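**Q** A single structure is presented below for examination.
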Amino acid sequence: MLSAPRSAPPGEPVAPSAAFDADCVAYAVSGRSLYGLGRCRSNSAWLAMFWLLRRAGHIADQLDPPAAAPVRAWMSDGWEHARALLRLAGHETYTYTICDGDVRYVLAVAPVVFVRRDADQEATCAAA
């Protein structure tokens, strides 16, 4: 049975995520700096995961074979990708870390949560 959509209380997420941010950074374990290796915002979890897989492939292409093998295994693991999509559907972030010596590559997808703002509530808060 279908029912009318219920409105969320002010300040609460209105609907499931309509966007997903995919991000890739690198850092040295001994260092303090993060290096951005790419970012993508998409309108579906599947597209964000597709971007993550492509980015992981680009990184694996540049690694020595022993370090690239686990990355390639992760790229072909459909069960892990399904688990990632379930996490994203539950508004959770999914991350995958590639280790190569003391360098770490972190690939992540996070749902973007949109919040409804209520003008009346903002006016009441501002007056207080």
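The values are calculated or read from the model by the stated rules, or taken from the named source; none is laboratory data. From a predicted model like this one, the values you see are computed outputs, not experimental measurements. Virtual Cβ from ideal backbone geometry, glycine too; neighbours counted across all protein chains shown. When the accessible area is computed, the model is the full protein with side chains, heavy atoms only, and any ligands, DNA or RNA have been set aside. Shrake-Rupley method; radii C 1.70, N 1.55, O 1.52, S 1.80 Å.
**Q** Are there any pairs with C-beta distances below 9 angstrom linking a residue in segment 62-88 that is free of Cβ contacts under 8 Å to residues at least 40 places away in the same chain and open to solvent by 90 Å² or more (accessible area, probe 1.4 Å) to a residue that is in a helix (DSSP H, G or I) and of a type in the set (A, V, I, L, M, F, W, C), with the two at least 6 apart or on different chains, and if so which?
**A** Going by the 9 Å Cβ cut-off, the qualifying pairs are Gln62/Ala68; Arg72/Ala56; Arg72/Ala60.
**Q** Inspect all residues belonging to segment 106-126 and state whether any of them is modelled with pLDDT of 95 or more and open to solvent by 50 Å² or more (accessible area, probe 1.4 Å).
**A** So far as segment 106-126 goes, no, none of its residues is modelled with pLDDT of 95 or more and open to solvent by 50 Å² or more (accessible area, probe 1.4 Å).
**Q** Please count how many residues of segment 89-105 are of a type in the set (Val, Ile, Thr) and touching a residue at least 24 places away in the same chain (Cβ under 8 Å). Break it down into steps so the answer makes sense when it comes.
**A** Here is the first cut: in segment 89-105, the residues of a type in the set (Val, Ile, Thr) are 93, 95, 97-98, 103.
Within this subset, residues satisfying the condition of being touching a residue at least 24 places away in the same chain (Cβ under 8 Å) are 98, 103.
Result for segment 89-105: 2.
**Q** If you check Asp61 against the conditions, is it modelled with pLDDT of 95 or more, farther than 26 Å from Ala19 by Cα and not polar (S, T, N, Q)? Spell out how you get there, then give the answer.
**A** Working: modelled with pLDDT of 95 or more: yes; farther than 26 Å from Ala19 by Cα: yes; not polar (S, T, N, Q): yes.
Yes, satisfied.
**Q** Within segment 16-58, restricting attention to residues that are free of Cβ contacts under 8 Å to residues at least 12 places away in the same chain and in a loop (DSSP other than H, G, I, E, B), which residue is least open to solvent (accessible area, probe 1.4 Å)?
**A** Gly31
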